[in-house]
Structure formats: structure tokens, C-alpha cells
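Asker: Got a structure here, written out as C-alpha cells. Questions coming.
The values are calculated or read from the model by the stated rules, or taken from the named source; none is laboratory data. Values in this document were obtained by computation on a predicted structure and should not be read as measured data. FYI the Cβ positions are ideal-geometry reconstructions off the backbone, even for glycines, and counts take in every protein chain you see.
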Amino acid sequence: MPEDIYPESGFRLPLPKREDFDEEGKKIFDKRVGKGARSLRGLRGPSGIRLHSPKLAEYSNPLSKYLRFEAGFSGSVRELAILVAAREMDSQFEWAAHEPEALKEGLSRETVDVVKFRKSTAGLPETEALVIEFGRQMFGRKKVASAIFAKALKIFGPRQLVDLVSLMTNYSSTALMLAAFDMQLDPDQEPPLPVP
């Protein structure tokens, strides 16, 4: 583990402690770590990083909650979009957290491997292939072809397409935060993504 990593947090800052916050910060801390918090990794991950800025944690949580659980995506589409963002950003931590969740939500091993190993989408169900191609173009080319956009608009409609893009960009933003704070995998975990 790099020297500047705190072992208990797995990133370049210590885990936030409730007693270090003012009253407003303590309320935010309690919401983020208390019963009903919907973080896959608790404080050992982006939630722990964001809590160092309680207001940021307070404002980012409703957006994340909406995009993940209230935007109307099936669990498999939601997790596929997250995996595409994680893969395009080469985020080992996000991938490790969300691959099991994607499989639990019914995404096939074949589809997960298409994203993981950057394989062709030929033969995948139309919506899954589209989410992958859309994300690859958006992140890789920094532009989405008109034909792919039109297909996505037809499948998702304007609101859900905006939400889909927002979900993927939200996770790309998180990937950058994890990179800046050098978020480590668990000590016994091998990096799940092949990266050059």
C-alpha cells in the first residue's frame, strides 16, 4: 500500500469521525452512515471521501439516490450504465463494488465480460448493446454519433436519456475522485479490470 494511504480508510485521508464535525456536520454524518444509508461500501469509498466536506455529502446524496433508485431504470440497466462508466474510467474500485451488484440484478456474465474486456456488443440484447455503445462513444470519442443517439432516444425517451447520461457521468466523476484520493481495493482483492 502506498505510504500516503490510511489503512483504515484505504485512501489518502483518514476516515471521517463524527466527533470532528460541528452540529450540522454531525447530522449529515448520521444520515450518511446511519440506518437506511444506501452505500455499497460504507465509509470505505466515495462516501467516506465526500464526508470530509459534509455539505458536499449532503448535496450529492439526493442526486445519487435519484439516479440509482428513482429514475426508473431496471436494476440491470442501472448497473450496466455504472459498469460502463467504471470501465471507461478504468476505475478498479467502482468495478469491484458494482460487478457483483450487476450480476445480482440479473445482468448476464456475457454482458459484464463484454464491458470488462471491451469486446464487441454483437449478439447482446438491443438495450444492453446500446447502453455500452453510447457510453463508449461518450467517454472514448467525446461525441455520440447521431444514429446511436436517435436509437437511445427511441428506447429511453428524453427524460430517461438525460438521466442515463447523468448516471454515467456521476460515476465518472466519482471515479476521478477515487483516483485523486488513490482509493485502494481491499488488501486481499486483486484488481478486477485489465488495464495497460
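Asker: Which one of the conditions (1) part of a helix (DSSP H, G or I); (2) of a type outside the set (Gly, Ala, Ser); (3) surrounded by fewer than 20 Cβ atoms within 10 Å (Cβ to Cβ); (4) over 11 Å from the mean Cα position of the chain (by Cα) does LEU193 fail to meet, given that it meets all the rest?
Answerer: Condition not satisfied by LEU193: (1).
Asker: Then there is this: Which pairs do you get when a residue that is closer than 13 Å to LEU193 by Cβ, found in the range 85-104, comes within reach of a residue that is of a type in the set (Lys, Arg) and at pLDDT 95 or above, reach meaning Cβ atoms under 7 angstrom, with the pair 6+ apart or on two chains?
Answerer: Going by the 7 Å Cβ cut-off, the qualifying pairs are ARG87/LYS116; GLU88/ARG136; TRP95/ARG87.
Asker: Scan the range 140-175 residue by residue and report those that are loosely packed, with under 11 Cβ neighbours inside 10 Å and farther than 13 Å from LEU130 by Cβ.
Answerer: GLY140, ARG141, LYS142, LYS143, SER146, PRO158, ARG159
Asker: May I pose another question? Looking only at the range 151-184, count every residue that is touching a residue at least 60 places away in the same chain (Cβ under 8 Å) and either of a type in the set (Ser, Thr, Tyr) or within 19 Å of GLU79 (Cβ to Cβ) (or both) and tell me the total.
Answerer: 13
Asker: Here is a further query. Looking for whichever is surrounded by 15 or more Cβ atoms within 10 Å (Cβ to Cβ), closer than 18 Å to SER173 by Cβ, within 15 Å of the chain's Cα centre (by Cα) and of a type in the set (A, V, I, L, M, F, W, C) here; the options are ALA102, ALA85. Which one fits?
Answerer: Going through ALA102, ALA85 in turn, just one is surrounded by 15 or more Cβ atoms within 10 Å (Cβ to Cβ), closer than 18 Å to SER173 by Cβ, within 15 Å of the chain's Cα centre (by Cα) and of a type in the set (A, V, I, L, M, F, W, C): ALA85.
Asker: Looking at (1) surrounded by 15 or more Cβ atoms within 10 Å (Cβ to Cβ); (2) modelled with pLDDT under 95, which is the one condition that is false for PHE134?
Answerer: (2)
Asker: I need the helices (runs of 4 or more DSSP H) fully contained in the range 1-81, keeping only those with at least 2 residues that are modelled with pLDDT of 95 or more, farther than 30 Å from PRO125 by Cα and of a type in the set (A, V, I, L, M). First the steps, then the outcome.
Answerer: On the way: elements: 23-33, 46-50, 54-65.
Hits in the range 1-81: none.
Asker: Residue by residue through the range 105-129, note down the ones that are part of a loop (DSSP other than H, G, I, E, B), in contact (Cβ under 8 Å) with a residue 24 or more places away in the chain and surrounded by fewer than 19 Cβ atoms within 10 Å (Cβ to Cβ).
Answerer: GLU105, GLY106, PHE117, ARG118 - these are the residues of the range 105-129 that are part of a loop (DSSP other than H, G, I, E, B), in contact (Cβ under 8 Å) with a residue 24 or more places away in the chain and surrounded by fewer than 19 Cβ atoms within 10 Å (Cβ to Cβ).
Asker: Residues of the range 91-145 being farther than 22 Å from LEU185 by Cβ and of a type in the set (Asp, Glu), which ones?
Answerer: Passing the criteria: GLU110, GLU126, GLU128, GLU133.
Asker: Only one residue in ALA102, ALA86, ALA71 is farther than 17 Å from GLY135 by Cα and of a type in the set (A, V, I, L, M), so which one is that?
Answerer: Being farther than 17 Å from GLY135 by Cα and of a type in the set (A, V, I, L, M) holds for just one of ALA102, ALA86, ALA71, which is ALA71.
Residue-by-condition table, conditions (1) assigned by TED's automatic domain parsing to the domain that holds ILE82; (2) over 17 Å from LEU83 (Cα atoms):
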position: ASP113; (1), (2): yes, no
position: SER120; (1), (2): yes, no
position: PRO125; (1), (2): yes, no
position: GLU133; (1), (2): yes, no
position: ARG136; (1), (2): yes, no
position: LYS143; (1), (2): yes, yes
position: ILE148; (1), (2): yes, yes
position: THR169; (1), (2): yes, no
position: GLN189; (1), (2): no, yes
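Asker: Tell me, yes or no, whether the range 130-153 has at least one residue that is in a loop (DSSP other than H, G, I, E, B) and among the charged types (D, E, K, R).
Answerer: Kept after step one, since they are in a loop (DSSP other than H, G, I, E, B), are these residues of the range 130-153: 142-145.
From what's left, among the charged types (D, E, K, R): 142-143.
Within the range 130-153, one or more residues are in a loop (DSSP other than H, G, I, E, B) and among the charged types (D, E, K, R).
Asker: Just to be sure before I move on: is PRO196 modelled with pLDDT under 95 and out of contact with any helix residue (DSSP H, G or I) (no Cβ under 8 Å at 6 or more places or on another chain) in the structure I sent?
Answerer: yes
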